[in-house]
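The values are calculated or read from the model by the stated rules, or taken from the named source; none is laboratory data. Just so it is clear, the model here is predicted, and its values are computed rather than measured. Positions of Cβ are generated from backbone atoms using ideal geometry, with glycine treated the same way; all protein chains shown enter the neighbour counts. Surface areas here come from the heavy atoms of the whole protein model, side chains and all, with no ligands, DNA or RNA. Shrake-Rupley method; radii C 1.70, N 1.55, O 1.52, S 1.80 Å.
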Amino acid sequence: MRVVAAVVTVVYCVLLIPDHELRDVVKTVGLAPLYLVFAIEPRGLFDGRSEAWTRRHPIATGVVLFVFLSALCSSGLSEVLDWGPALAITLPAMAVIVAVGTYFFHRRQGAVSRPGDDEGQIAG
């Protein structure tokens, strides 16, 4: 799977040579890093070490998810629809999905945390 992700990353970048319209650049900038993360597979990302960061920074996590999901969905829709309608559908839909997901994830984390934890308290 890692080899496939690396090959897809390289293919996206190589396809920019003949097709360098704005649409192709946006698609490559959005999707190539996503595949590259799976190709490199950093240990901290997949073994649970990044979980503390995602709990502390729900908005930043939501922004990262919004960028990658928007790029992925608009890339797929732009193959069927024109670029404008694909963005008009994708951006609001991903904004709602990420906002609702972030809200419920943050709410669930608050319900799971134990009363003795000092997470979220201001030191001083």
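Candidates in the range 14-34 are the residues that are surrounded by fewer than 12 Cβ atoms within 10 Å (Cβ to Cβ) and not β-branched (Val, Ile, Thr); of these, the one that is modelled with the highest pLDDT is Pro18.
Being open to solvent by less than 40 Å² (accessible area, probe 1.4 Å) and either acidic (Asp, Glu) or outside any loop (DSSP other than H, G, I, E, B) (or both) is the filter here, so list the residues in the range 35-53 that pass it. Across the range 35-53, the qualifying residues are Ala39, Gly44, Ala52.
Val67 meets all of the listed conditions (1) in contact with a Gly (Cβ under 7 Å, 6 or more places away or on another chain); (2) at pLDDT below 80 but one, namely (2). Looking at this structure, is Val11 modelled with pLDDT of 80 or more, surrounded by fewer than 14 Cβ atoms within 10 Å (Cβ to Cβ) and either touching a strand residue (DSSP E or B) at 6+ places or on another chain (Cβ under 8 Å) or part of a helix (DSSP H, G or I) (or both)? Against the criterion (modelled with pLDDT of 80 or more, surrounded by fewer than 14 Cβ atoms within 10 Å (Cβ to Cβ) and either touching a strand residue (DSSP E or B) at 6+ places or on another chain (Cβ under 8 Å) or part of a helix (DSSP H, G or I) (or both)), Val11 qualifies.
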